[in-house]
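Participant: Provided herewith is a single structure, encoded as structure tokens, for subsequent inquiry.
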Amino acid sequence: MHRRTFIAGAALAAVGACSSGGGLVEPTGPAAPSPLPSPRPTGAELDEVLGHRRSVRAFTRDPVDEASIAHLLWAAQGVTAPWGGRTAPSAGALYPIEVSVATSDGVRRFLPDEGGTVLLTPEDRRPRLAAATGGQQAADLAPALFVLTAVLARASGKYGDRAERYVQLEAGHVCQNVLLEATAMGLGAVPLGAFSDDAVRDAIGVGDDELPLYIVPVGHPSTEDPSR
């Protein structure tokens with residue numbers, strides 16, 4: 001059994017020289033990137049984490065702390081190599097997936113190369129995201145909602161008609177990273193794919209060039225959750 005290794009220090013030191021693939025929100029003026037805490041090893045064994053992963057749909061109202069959010073963002077799309085390689089594989093290393101997180105403090109977009117986030121809106125958009133899912137319990141209760149969107153144009157120039165397939169596969173890789181890392185940290189999470197694309201775009205403040213693929217509610221599991 002192998003312990004997971006983290007290449008956080010060297011990766012974050014090198015992010016300034018890495019290429020993001022374009023299309024990210026421009027960090028200008030008040031929307032300049034905000035740094036995140038460095039990723040931290042959990043000490044959990046991968047096999048143990050796989051065995052404990054479950055879809056958790058009920059959460060306490062306790063917030064997810066900033067260090068945990070930072071680590072989940074790193075698990076999703078963190079830079080792990082000086083040339084820009086990330087925690088999840090991407091066809092052609094084009095990285096069309098964008099990761100945003102909605103909390104009571106607003107919606108932030110993860111900037112992998114900078115190792116930080118940029119604020120998309122200071123408003124609490126979680127109620128709007130929950131409404132976009134048709135009022136699913138997990139989205140309504142979770143203190144943090146991770147939203148995965150895809151900029152198809154980043155992949156279509158190279159892969160044409162197959163780009164959408166590759167992008168959807170990549171979203172699955174990214175989502176699983178979040179689910180497993182949440183489990184390793186003692187948090188609960190569930191992937192949601194049933195929602196209104198337009199409502200999700202409006203909620204997080206992005207344009208039609210981004211395709212919503214997942215909403216991942218994350219929080220502290222409630223003992224009332226029957227899935228546990």
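The values are calculated or read from the model by the stated rules, or taken from the named source; none is laboratory data. Quantities reported herein were computed from a predicted structural model and do not represent experimental measurements. Using ideal geometry, Cβ is built from the backbone for each residue, glycine included, and neighbour counts are taken over all protein chains shown. Please note that ligands, DNA and RNA were not included when accessible areas were found on the heavy atoms of the full protein model with its side chains. Shrake-Rupley method; radii C 1.70, N 1.55, O 1.52, S 1.80 Å.
Participant: Taking the options ALA44, ALA102, ALA91, ALA70, name whichever one is surrounded by 20 or more Cβ atoms within 10 Å (Cβ to Cβ) and in contact with a helix residue (DSSP H, G or I) (Cβ under 9 Å, 6 or more places away or on another chain).
Facilitator: ALA102
Participant: Could you please let me know if GLU224 is of a type in the set (D, E, K, R), touching a residue at least 40 places away in the same chain (Cβ under 8 Å) and assigned to a helix (DSSP H, G or I)?
Facilitator: For GLU224, the condition - of a type in the set (D, E, K, R), touching a residue at least 40 places away in the same chain (Cβ under 8 Å) and assigned to a helix (DSSP H, G or I) - is not met.
Participant: So, in the range 164-203, of the ones that are among the small types (Gly, Ala, Ser) and over 30 Å from GLU48 (Cα atoms), which residue ends up most open to solvent (accessible area, probe 1.4 Å)?
Facilitator: SER196
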